[in-house]
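Following: one structure in structure tokens, then a few remarks.
We did not get these values from a lab; they are worked out from the coordinates using the rules stated. Just so it is clear, the structure is predicted and the values come from calculations on it, not from any experiment. Methodologically, a virtual Cβ is constructed for each residue, glycine included, from the backbone with ideal geometry; neighbour enumeration extends over all protein chains shown.
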Amino acid sequence: MNVETLKYFQYIAKYKNITQAAKHLYISQSTLSRHIMTLENELGVRLFERNNKMVTLTEAGKILYNDSDSLIDHMDSLTKNVISAGKGHSGILKITAPKSMYFALIEPLAMARAKYPDINFFVESYDFNEIPLAIKYKLYNIGFTYNFALFEHENLDCIPVGTDSFSIAFSTEHLRETPKATLKHLAQTLPFIFPSYVNPPFVQQMLAELQTSLDCKITTTLGVNTSDSMILNTSLGLGYGLLPNSWADLLSNRNDLSFIDPPNICTDTDIVAICKKSTASELTTNFMQLLKDRFS
């Protein structure tokens, strides 16, 4: 049963005459009769009583006629939705980002919602260094993270959408114990903590520059799994570490943490949107193209 045949059925019921209905539809009478016969065979019932002068609806035909408008509207809507989803204009887009990176999502989501109002967005927080794996294993369609988190990850499309920088985070208790504590003092007495099992070039470079700037050797401790773990260890006075300023802004009301700008070091890093290259859907591709047009 298709929309075209249903409309043919409606016009025959309206005119009660196949010849007049065929003239209205600009098709031959034989073509129209063939469509109705196909519909009757599909349903397994007779829809019209026929005589030489007119056709009338059977009881089955009356039921179909009474519901035909809503059925046509539903099929039109269904067709539209299927085509829209196939073109990436509707559906569910699953996005993940660190909770501190909410500011980077505001403009992209606003653009996408304005252009594709039928898309439903699902956003969930994830630690920045785990996001590439979450995208790789298709837990989400789009991820927002730092470009250095892509170290050793391939087959990911990547579009820069903003920047962030880093501060040195440490426990405020250290200031109470040693009021004149300096960053060099922290570096000489406490381990450095970074929330990742890997040691990407970005971190190696910052550590090297920090050691040169402070003229002292830094004991590095890598291996805490998340930013939350790094913050917990730091607030407990077990070490100090680099924390994105977006995190620092969220934690500014905490009195157990203090922050220092790294001296004479550029800590700027790109925030990037990523997706899996080989299996990106039309929905994902359209969203990434919006970002590319805006930020590239």
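In terms of Cα to Cα distance under 18 Å, which aspartates and glutamates are near enough to LYS115, apart from those fewer than 8 places away along the same chain?
GLU107, GLU282, ASP293
Quote the convex hull volume per residue of the chain, based on C-alpha atoms, as a whole number of Å³. If you can, show how the numbers build up before the last one.
Numbers: hull volume 51.7 nm³, N = 296.
Taking only Cα atoms, the chain has a hull volume of 175 Å³ per residue.
LYS184: which lysines have alpha carbons under 28 Å from its alpha carbon, excluding same-chain residues fewer than 8 sequence positions away?
Correct list for LYS184: LYS217.
Past the 22 Å Cα-Cα mark, which pairs from LYS14/LYS80; LYS99/LYS277; LYS16/LYS62? Display every interim value, and only then the final one.
Working: LYS14/LYS80 27 Å; LYS99/LYS277 25 Å; LYS16/LYS62 13 Å.
Listed pairs above 22 Å: LYS14/LYS80; LYS99/LYS277.
Report D for segment 166-267 in µm² per second (integer): Stokes-Einstein, Kirkwood Rh on Cα pairs, 37 °C, 0.692 mPa s.
Values: Rh = 13.5 Å.
Translational diffusion coefficient: 243 µm²/s.
Using alpha-carbon pairs under 8 Å, 6+ residues apart, how would you state the relative contact order of segment 166-267 in percent? Walk me through the intermediate numbers first.
Values: 152 pairs, mean separation 50.2, N = 102.
Taking the mean separation of contacting Cα pairs over the length of segment 166-267, I get 49 percent.
Only four residue types carry charge here, +1 at the Cβ of Lys and Arg and -1 at the Cβ of Asp and Glu. Report the dipole size of the chain about the Cα centre in Debye, rounded to the nearest 20. Mind dumping the intermediate values first?
Values: 26 positive and 30 negative charges, 280 e Å.
That gives a dipole near 1340 debye.
If we sort 110-117, 61-68, 73-80 on the protection proxy, mean other Cβ atoms within 10 Å, highest first, what's the order? Provide the component values of the computation, followed by the final result.
Details: 110-117: 13.5, 61-68: 15.5, 73-80: 11.8.
Taking the mean over residues of other Cβ atoms within 10 Å, the ranking is 61-68, 110-117, 73-80.
Which of SER213, ILE106, LEU78 sits closest to the plus end of the dipole of the chain, meaning its Cα is farthest towards the positive end, when Lys and Arg get +1 and Asp and Glu get -1 on the C-beta?
It is LEU78.
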